[in-house]
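Quick one: the structure is below, and I'll ask about it shortly.
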Amino acid sequence: MNAFSTKLNYAEAEYGKKLECCDNIRNHAKLKQFCLSYTVPSTTRSLLWNIILGVMPLHKNSTEYIMEQRKAVYDDLLRAVTVMQIISANTPKSKVLLSMWQLEQNRLLYSNNDKIDLDNNFVEIVKVLLQIFENDVETYWLAKEFYSCTREIAQDCGKLKELSQNLLRKEDSNLFNHLENLAVFSSNDLLDKWYVTGFAGVISESTLVRVWDKICGGSRKIVVFIFLELAKVLKGNALKCHTRQEFKTLVEQIKDQDAVIVNKAIKNWQNNKQHSEIKIH
């Protein structure tokens, strides 16, 4: 654990001791359930995500203090990567936040391809959040915590792809067989990427937040239903694809229909007994 994390953890622990007997505490479980069960109003999304993802504390009275500490850590990291000349005035904000995150994770310099893939995923998440939230401190901390959620998706990716196959096979065997022949399910560079980034870069930010509401609420399987709806809507053109790359390009050009697709996917996810998040079968 580095100095940045240690300072914040100490502050949280010390302040938390003063509030142990206080009943002025937010109900984390109910807030997560709200995200899973309802459409989150855009006016309250920031507050909900911050609380659910642990950026804000559950103790209401400690919010101001903890957020001051979050900003202090952010400022320390930004100052550090600036002094180290890792970033410049022309560095894109997404890369600035990536450098800060890498420094906090003690792996700013590396040559591991697996880590490069992880960092690319972090950048995709940051780019979406930068379009949604205006506060850079908030964006950085939300990106960190949402990225942690996606790592849980990554751990279950094999089972999620298996579920995708089973459901599509039942709904449309012809489409399933074609995508199977294109190696859509067996490759590690397509569904894995879409699922682990929550379809960042595929679905427009204004629509994607509704999917990420469910992920923040604890859903992992929602990504499966997004893919199924994408495949079904694009079926006519998908059946004309001769390669996996052609199918990838087709899907990533879907933004003009993504609102309808997400609406249908969420409805199907809610209606399908397979959406239970307790265990992936």
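How about segment 226-238: which of its residues are touching a residue at least 40 places away in the same chain (Cβ under 8 Å) and open to solvent by less than 10 Å² (accessible area, probe 1.4 Å)?
The answer is 227, 228, 231, 238.
Same structure again: So, in segment 26-41, how many residues would count as being open to solvent by 60 Å² or more (accessible area, probe 1.4 Å), in contact (Cβ under 8 Å) with a residue 60 or more places away in the chain and not in a helix (DSSP H, G or I)?
The qualifying residues number 1.
Could you list, in sequence order, all residues of segment 247-264 that are surrounded by 15 or more Cβ atoms within 10 Å (Cβ to Cβ), within 19 Å of residue 39 (Cα to Cα), at pLDDT 95 or above and not β-branched (Val, Ile, Thr)?
Answer for segment 247-264, where residues must be surrounded by 15 or more Cβ atoms within 10 Å (Cβ to Cβ), within 19 Å of residue 39 (Cα to Cα), at pLDDT 95 or above and not β-branched (Val, Ile, Thr): just 264.
Does at least one position in segment 239-246 carry a residue that is among the hydroxyl-bearing types (Ser, Thr, Tyr), over 30 Å from residue 33 (Cα atoms), open to solvent by 40 Å² or more (accessible area, probe 1.4 Å) and assigned to a loop (DSSP other than H, G, I, E, B)?
The answer is yes, given that some residue of segment 239-246 is among the hydroxyl-bearing types (Ser, Thr, Tyr), over 30 Å from residue 33 (Cα atoms), open to solvent by 40 Å² or more (accessible area, probe 1.4 Å) and assigned to a loop (DSSP other than H, G, I, E, B).
Hey, another quick one. Mind listing just one residue for me: the one in segment 81-92 that is surrounded by fewer than 18 Cβ atoms within 10 Å (Cβ to Cβ) and of a type in the set (A, V, I, L, M) and, of those, nearest to residue 135 (Cα to Cα)?
Filtering first and then ranking leaves 89.
Oh, and also: Please verify whether segment 42-64 includes one or more residues that are open to solvent by less than 80 Å² (accessible area, probe 1.4 Å), assigned to a loop (DSSP other than H, G, I, E, B) and on the phi > 0 side of the Ramachandran plot. Can you show your working first?
Within segment 42-64, the subset open to solvent by less than 80 Å² (accessible area, probe 1.4 Å) is 44-46, 48-59, 62-63.
From what's left, assigned to a loop (DSSP other than H, G, I, E, B): 53-58.
If we keep only those that are on the phi > 0 side of the Ramachandran plot too, we end up with 54.
Checked against the condition, which is being open to solvent by less than 80 Å² (accessible area, probe 1.4 Å), assigned to a loop (DSSP other than H, G, I, E, B) and on the phi > 0 side of the Ramachandran plot, segment 42-64 yields at least one hit.
The values are calculated or read from the model by the stated rules, or taken from the named source; none is laboratory data. Treat the numbers as computed from the prediction; the structure is a model and nothing was measured. Every residue, glycine among them, receives a Cβ derived from its backbone with ideal geometry; neighbour counts consider all protein chains shown. These area figures cover heavy atoms from the full protein model, side chains too; ligands, DNA and RNA do not enter into them. Shrake-Rupley method; radii C 1.70, N 1.55, O 1.52, S 1.80 Å.
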